[in-house]
Amino acid sequence: MTEERSRTDVSSEEIIRKYFNMVYRLALSQTGNINFAEDVTQDVFLKFIQKQDNFKTDEHIKAWLIRVTINRSKSVFKTSWFLKTVPLEQEITFEIPEKSEVYFAVQTLPSKYRTVIHLFYYEDMSVHEIADCLSMKEGTVKSHLYRGREMLRDKLKGGYDFV
């Protein structure tokens, strides 16, 4: 079946299984904290279950999940609880040390660059898909990708050809 199949062909459970990792990785990228990412992921899927009848295609669901994940991740830092807490230091481990260095460099980028870099490289979305999902012009997405790559290149001191 194609990505465009109707919503009635797929259960909520299948959607959650299909998009769970994407939502979690995006939340982790946005919040930089495993616990916040888990909370955001849970909130996003609870909202999805409440609104699941409003979706027509898998593409619509994916775009909605990304948008809600980004919005919910941003709102975590605006709560009065968060403003009164001190973060615990967390160490995220990677099998390949280079991936760790790149990941942490991406985390230091401003949110607008970090979001498009994450969607482009980690979620394999095209510029067109990112633009649709984030309600931006394709030129803006390309500009954010370019500037984000330049910032990463400076942070990583040119040690990687793929940045």
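Looking across the stretch 135-160 at every residue that is at pLDDT 85 or above and outside any helix (DSSP H, G or I), the one that is farthest from ARG67 (Cα to Cα) is identified as LYS137. Scanning the stretch 50-81 for residues that are of a type in the set (Val, Ile, Thr) and either under 23 Å from VAL106 (Cα atoms) or open to solvent by 80 Å² or more (accessible area, probe 1.4 Å) (or both) yields ILE66, VAL68, THR69, ILE70, VAL76. Among the residues making up the stretch 83-134, those that are aliphatic (A, V, I, L, M), surrounded by 10 or more Cβ atoms within 10 Å (Cβ to Cβ) and either modelled with pLDDT of 85 or more or assigned to a helix (DSSP H, G or I) (or both) are VAL102, ALA105, VAL106, LEU109, VAL116, ILE117, LEU119, MET125, VAL127, ILE130, ALA131, LEU134.
The values are calculated or read from the model by the stated rules, or taken from the named source; none is laboratory data. Since we're looking at a predicted model, the values are computed, not measured. All Cβ positions, even for glycine, are placed from backbone atoms using ideal geometry, and neighbour counts span all protein chains on display. For accessibility, only protein heavy atoms count, side chains too; no ligands or nucleic acids. Shrake-Rupley method; radii C 1.70, N 1.55, O 1.52, S 1.80 Å.
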